[in-house]
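The values are calculated or read from the model by the stated rules, or taken from the named source; none is laboratory data. Since the structure is predicted, the reported quantities are computational estimates derived from the model, not experimental observations. All Cβ positions, even for glycine, are placed from backbone atoms using ideal geometry, and neighbour counts span all protein chains on display. Please note that ligands, DNA and RNA were not included when accessible areas were found on the heavy atoms of the full protein model with its side chains. Shrake-Rupley method; radii C 1.70, N 1.55, O 1.52, S 1.80 Å.
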Amino acid sequence: MKAKKISAFTLIIIMFTCAACWDRHEVEELGLVVAMAVDKESGSDDKFTMTTQFVNPNGVREPETGFKDSKAYFNLSRSGESIFETLQDFDIVSSRIPNFEHLNIIVISQEAAKSIDVYRFVHTLLAFWEVPRNAYVLISESEARSLLSREPELEHMPAFEIDRMVTTETGTSKKQFKRSLGDLAKDFAAGSSVAVQKVSFEESIALKGAAIICGKEYKLLGFLDERETEGLNWLNGNAVLSSISIEEKESGNVINTTLNIKKHKIEPKIKDDRISFKVSIIAEGDITENWSETSDVMESEFLRGIEVQISDEMEKRIYDTLDALQKKFKADVAYFWKTVRSTDFRLWEEIKDDWDDIFSEADIEVNVDFHTRGFHNRTSR
Amino acid sequence: MRIGKKEDNGQNDRMPSMAGKEIDSDHDVFLKHSLSSNIKLLNRYVSKDADVVFRFLKLLDGQQNAVLVYVDNLADNQSIQQHIIAPILKEFGKAKGVLPGPVKIDRLKDSVVTARCVAETNKLNECVLEIFKGNTVFILDGSNRALIFTTPGWKTRDQDEPLGEPSIRGPRDSFIESLQENIVRVRRRIRDSGLTVKKYSLGRRTKTEVAVMYLSGVANQKIVDELDHRITKIDTDSIVASGYIEQFIEDNILTVFPQVQYSERPDKTAAAILEGRIAILVDNTPFVLIVPTVFSMFIQAPDDYYDRWIYSTFIRCIRYVAILISLFLPAFYVSLISFHQGLIPTRLVIFAAATREGIPFPALIEALIMEVTLEILREAGVRLPKSIGQAVGIVGGLVIGEAATNAGIVSPVMVIIVALTAVSSFSIPQYSIGISMRILRFFIIFAAGVFGLYGVVMAFLMVTANLTKLRSFGLDYMSPLAPFRMGDMKDFLIRLPMPAMKRRPRTLKNRDEKRQGDED
Amino acid sequence: MGNHKDTVTSRQVTIAVFSLVIGAGILTVSREVVDTVQTPDAWISVLLAGLLTMIAGAMSVILCNRYPGRTIFQFSKEVVGPVIGTVANTIAILYFIFIAGFETRILSEIVSTYLLHRTPEKVLMITFIWVATYQAIGGINPILKAFEIYFPIVIVLLVGILLLSMRKFEIINILPFFGNGITPLLKGVGSSLTIYAGYEIIFVTTAWMEKPKDAMKSLFKGLILTTVINTAVVLITIGVMSIDEIKNLAWPTSSLVAEIYLPGGFIENYKLFFIIIWMISIYTTFLGVQYLAAVGISQNFPVKYRNALFAILPFIYLVALVPHDLGEVFIMGSAVGYTWLGIGLVVPMLFLVISLIRGNKKGGRAKQK
């Protein structure tokens, strides 16, 4: 009994002392990568360039001792044919081993997105590099790398700035709802097409519009403009606290209201071989701006008129979006397919491979019901 | 051979008749009838002691001799003068007016001497024992029996506030070094006739008096018997303080967790006895032992019961959080920072990296350095005289921490964490558990430093394994948490209002469970 | 020393059942059942499997109560005779060792993947086994007490995580119900049953219960809780991840946790809590089966409990080393499951039938070791 206790004890002691702390890597030795950009290597068809943004902690927060650093980040780029190999190459050029566990932002340039298999890219990142599932993916109109080099104004580094812009729930629906790596993985796994935020760089970084990635080959198909993105957001019920402006019919003046999607429902109707959809949206809002000089917003007749006009306008915009989705891109990024699957599973299993075509032929009827109570907290004028 | 002996008592605390171990020989030596022979016998043991006084008395105008033997200042001189010598001399100093014949010792004992005679003996070693206890031995020529009078006269300190266990709202009296005084303090609080006092004499050379107090009719008899068994098994030279006894009677000596509680506070002791537990009072120690003890009792403070339940519940919850912090915080920090940076928020990682830039040690070493330093400081603070000690603790901590941070040896975050941990461990009411936590913390930090979060979890599992295997006098150490007893949970994490605590803790398996409600 | 000193409370049985059953299975069950069923209503299979286990469990309790005071290792000889009884006991012991080895392997896989990449797996396994053995030496009561201590931690964190995941839960992902009919669901029951292995602890604890009459209630409470949790996990995983993605995930429940996102919440990564829960769950399962194996040996052969405990260690370790890669680990998991179908489900039923045929047997309490 005693011998066993002693030997057990000794074994444990030995184990602890022999342990080499294999996995210990101190936090200050990390090369934290917070953003990644994928570009197509200019001049070459197969190669592409990956740029990673490393954090320099001393630039974020000055240490008590030691030198002062001003820059909080630095970028490194490598080119290669295989994503995996290129990422591994970063070990060579940096004094610290890249650590992707805090990767926040992934920007893929237009050209790159058109030629690489985005799903494979997403899958590789998730499978081997411990990239968090809630890293956000954006498609950039121009070169992705330049986005990471732009000196941010308010934040410490471009990655944080972009991250802030992506995650803030803003009042405009012109920006496509954020998609994370995990979201993409889920949708691609089902073969669905995906709409991703589009980022462009003019005077400043702007997130507007959406990029469509097809669900078959997982390549970029094209972009939706701001109006179309709005329609898409309304369709998916992603527009919270957005707004809409219309030209009032009678006076021609601009009226603006806030917009809250209260209910959105997509109902599939399957008859014989034809699939059609009925979209019902109920929205609510308050009038914020009324440039009209003659009408009185407390008048209910006026309000009802506005309601109808806004409903019509919304329907029109959604039809435009659907046009683009169905005719131009043949991509169902509004998850119409999910509604079909949830109604008739067996049918879905049969038709899912042809979904893009079936979707583009489908009849979609949109019905928007907008209500308003009038002004927010002031009466007329 | 039985060492200590006990006597069951109600109200009378008589000194037990001796059966103490021989001083040096194995056979009893008996007193003779001749005074001079007896003195010679006594001198065998006490002639070397300059402070043993032989006070000779001549009775009946010198016809009969007697002697009083006592230790100067150990026995109360004044009491001896007033209550023994004076009455004897008054009655028998002169021969006139006294019945003829030698003075009989019984007459002296029963009708003359006003001091309390606690025993008669004809054994030499008992006489010697009594002398060293502070009592007076009276030997009369012509009798082979010696009388022993109680005359303890040593000075004890005035009572202080209980220094180790301050209380905001509780009484401020505390135990002192005199056994009888301590017993009295408990008696004042429990005036029930069921309160039992059993006495033992432990320690071959110290012959320390030990009293065991409990409520008969309430306390679990099996535990009482078990305690009796363990105490009488103690066979050692010295019992200097109650801590010695604790180490002999505890269940498991190999664990970091204490299984015996101790206290300087009479109110806490009385409350424990009323709960059904047993108190062990040791002469010369102001710290009273309380058994049986389970884990949750170390985290309870008397103040919990003097305040309203909402406040007590809140404070208790804070205490539990403090325990968790004091055990796990540094380990978590080390494991997350050194191993699993992916598990903490990005901003935190960057912050930690920035603060640790340039620090020459890995986080584990840093943590150990700080902890060891803190332990040394703490110990130093205890050793120094009161006035300096407190300052050293605070200033030392601050200054060293500040200096170390400025020198770039440790990161400021680590200093904060270690300080927070230390403060958390101070909030534990019972000091002995605080020490356990400190020891465990090192183990867990080390485990974290080697195996990261996996190490922390494994260490936690090991600690739980140890805790679940512990028993204290037959009770599960982890009650009432495991095995889970709903009724006892009223006093565990939260404290329900007084009217709700109708029963004594079921964990103790007491005889009488009802606290409130009908009297039986 | 391996047997009881005190009795076992009903609450302890409930918690023990829960602790043993919730183990490695909860991590992978979503994928396994979705792979078999291929429809979004796969969680129904999990629910059905739980109900089936409850039936088996009820029969086991009835069986045990016919031989009060004796564990199955002790009364199996009475039911089927000494020879077959010993054989059955030995098979059970081997089965428990098998599960123990499997759990060890799973633990080292996950810890290796998520926590300590470079630490050799053998070290992870050995430390794990030693810690559990240290606890198991104390016998059944400390083990049950330990379960009681861990239970609230596991439950609270588990439920917390499930609730937090609801943010990303989309009802549309779990529709339609019965989209493909009931047949695939029944097939799914087969793959879900494996995760309910572990309730066998009642074969031993019923003998020592304070109130054996409560055995049935305790068992049901434990199994209902387990079924609810298992079903909830699968349901929510499907709802958040959708069935197509689940098929790609090695550890779906872990990825579920990775999806949790609270805006403004400063804790970004809830994996921390999940890993803790899950390590403790695997530990409790391992502890339970290790104990069962050791007790089985000590009650079947003239070996003392402590020695049996140490004797099986190398075997557990060897079993853990058997699979070469992750794929083989999952195959082993299925193997565990199918063995359980035989031992945990079929055998008790058989025994009960045989026992009933043999007539009423009420024995006294066996001598306590």
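Some observations on this one:
- The modelled label-to-label distance for the pair B:SER387/B:ARG506, using points 7 Å beyond Cα in the direction of Cβ, is 5.6 nm.
- The distance linking region A:253-274 with region B:443-474 is 58 Å (Cα centroid to Cα centroid, whole angstrom).
- Placing a label point 7 Å from the Cα of B:THR156 along the Cα-to-Cβ direction, the residues of region B:106-121 whose backbone N falls under 19 Å of that point are B:116.
- Accessible area buried, both sides summed, chains C and B with 1.4 Å probe, Å²: 3000 Å²
- Legend: calculated FRET efficiency, A:ASN75 to C:TYR338, from the Cβ-Cβ distance at R0 = 51 Å, rounded to 0.05, equals 0.45.
- Threshold 20 Å², region C:179-219 residues less accessible with all protein chains present than alone (1.4 Å probe): C:GLY179, C:ASN180
- Prolate/oblate/rounded label for region C:10-348 (Cα gyration tensor, a/c 1.5): prolate
- The modelled label-to-label distance for the pair B:ALA50/C:ILE153, using points 7 Å beyond Cα in the direction of Cβ, is 6.5 nm.
- Converting the Cα gyration tensor eigenvalues of region C:192-303 into ellipsoid dimensions via √(5λ) gives semi-axes, longest first, of 35, 16, 14 Å.
- Using the Cβ-Cβ distance between C:LYS247 and B:ALA407 with R0 set to 56 Å, the FRET efficiency works out to roughly 0.50.
- Inter-part distance where region C:169-244 and region A:64-133 are each reduced to a Cα centre, Å: 41 Å
- Fully extending the segment from B:ARG347 to B:ASN284 would add 16.8 nm, taking 0.36 nm per residue of separation and subtracting the current Cα-Cα distance.
- The lysine pair tally for region A:24-224, using Cα distances under 18 Å and a gap of 8 or more places or different chains, is 19.
- For the protein assembly as shown, the antiparallel share of DSSP beta bridges with both residues in that region comes to about 75%.
- Heavy-atom accessible surface that A and B bury in contact, both chains counted, 1.4 Å, Å² to 100: 2600 Å²
- For chain A, built as a Gaussian network whose Cα springs stay under 10 Å, the top-fluctuating residue of A:LEU221, A:LEU325, A:LEU154: A:LEU154
- Accessible area in the full protein assembly, largest first, 1.4 Å probe, for B:VAL392, B:VAL457: B:VAL392, B:VAL457
- Along principal axes, Cα extents of region B:269-368, largest first, whole Å: 57, 36, 18
- Probe 1.4 Å, protein heavy atoms only - accessible area per residue of the protein assembly as shown in square angstrom: 42 Å²
- Sequence-distant contacts, meaning Cα pairs under 8 Å at least 6 residues apart, place the relative contact order of chain B at 14 percent.
- Here is the list for region A:114-187: trypsin sites (Lys or Arg not before Pro) lying in DSSP coil, each with at most 13 other C-beta atoms within 10 angstrom of its C-beta, are A:ARG150.
- Solvent-accessible area buried by pairing C with A, both sides, nearest 100 square angstrom, 1.4 angstrom probe: 3000 Å²
- Simple point charges give the picture: +1 on the Cβ of Lys and Arg, -1 on the Cβ of Asp and Glu, and for the protein assembly as shown a dipole about the Cα centre of about 7940 debye.
- Kirkwood Rh and Cα Rg combined as Rg/Rh, chain A: 1.10
- Mean ellipticity per residue at 222 nm, deg cm²/dmol - from DSSP H runs of n ≥ 4 across chain B, formula -39500 (n - 2.57): -13000 deg cm²/dmol
- For region B:31-149: rounded, prolate or oblate by the Cα gyration tensor [a/c cutoff 1.5]: prolate
- The protein assembly as shown: translational diffusion in µm²/s, Stokes-Einstein, Kirkwood Rh over Cα pairs, 37 °C, 0.692 mPa s: 89 µm²/s
- The GluC sites (Glu not before Pro) of region A:117-190 meeting both criteria, a DSSP state outside H, G, I, E and B (loop) and at most 12 other C-beta atoms within 10 angstrom of the site's C-beta, are A:GLU153, A:GLU169.
- In Å², nearest 10: area of B:ARG316 left accessible to a 1.4 Å probe: 0 Å²
- Short-range pairs are left out: with C-alpha atoms under 8 Å and at least six residues apart, the relative contact order of region B:31-149 is 35 percent.
- Computed from label points 7 Å out along Cα-Cβ, the spacing between A:LYS328 and C:LYS211 is 7.2 nm.
- By average C-beta atoms within 10 angstrom, highest first, the peptides B:78-91, A:93-106: A:93-106, B:78-91
- Gain in span if fully extended, A:SER245 to A:ILE282, counting 0.36 nm per residue against the direct Cα distance: 11.6 nm
- Counting Cβ atoms of other protein chains within 10 Å of each Cβ in C:140-150 and taking the mean gives 6.
- A:LEU32 - accessible surface, heavy atoms, 1.4 Å probe, Å² rounded to 10: 10 Å²
- Region B:171-266: trypsin sites (Lys or Arg not before Pro) in DSSP loop, at most 12 other beta carbons within 10 Å: B:ARG172, B:ARG188, B:ARG191, B:ARG205, B:LYS233
- Peptide A:186-198 shows a mean partner chain C-beta count of 3 within 10 Å per residue C-beta.
- Shown for the protein assembly as shown: the carbon plus sulfur share of the solvent-accessible area, taken with all protein chains present and a 1.4 angstrom probe, equals 57%.
- Cα gyration tensor shape for region B:305-475, rounded if a/c is under 1.5, else prolate or oblate: oblate
- Hull volume per residue, based on the alpha-carbon atoms of region A:24-224 and their convex hull, is 131 Å³.
- The mean number of Cβ atoms from other chains found within 10 Å of a Cβ in peptide A:345-351 is 3, as a whole number.
- Taking every DSSP bridge with both residues inside region A:245-381, close to 60 percent are antiparallel.
- Expected 222 nm ellipticity per residue - DSSP helices of 4 or more, -39500 (n - 2.57), all of chain C, to 500: -23500 deg cm²/dmol
- Measuring nothing but how far apart in sequence close Cα pairs (under 8 Å, 6+ apart) lie, relative to its length, chain C scores a relative contact order of 42 percent.
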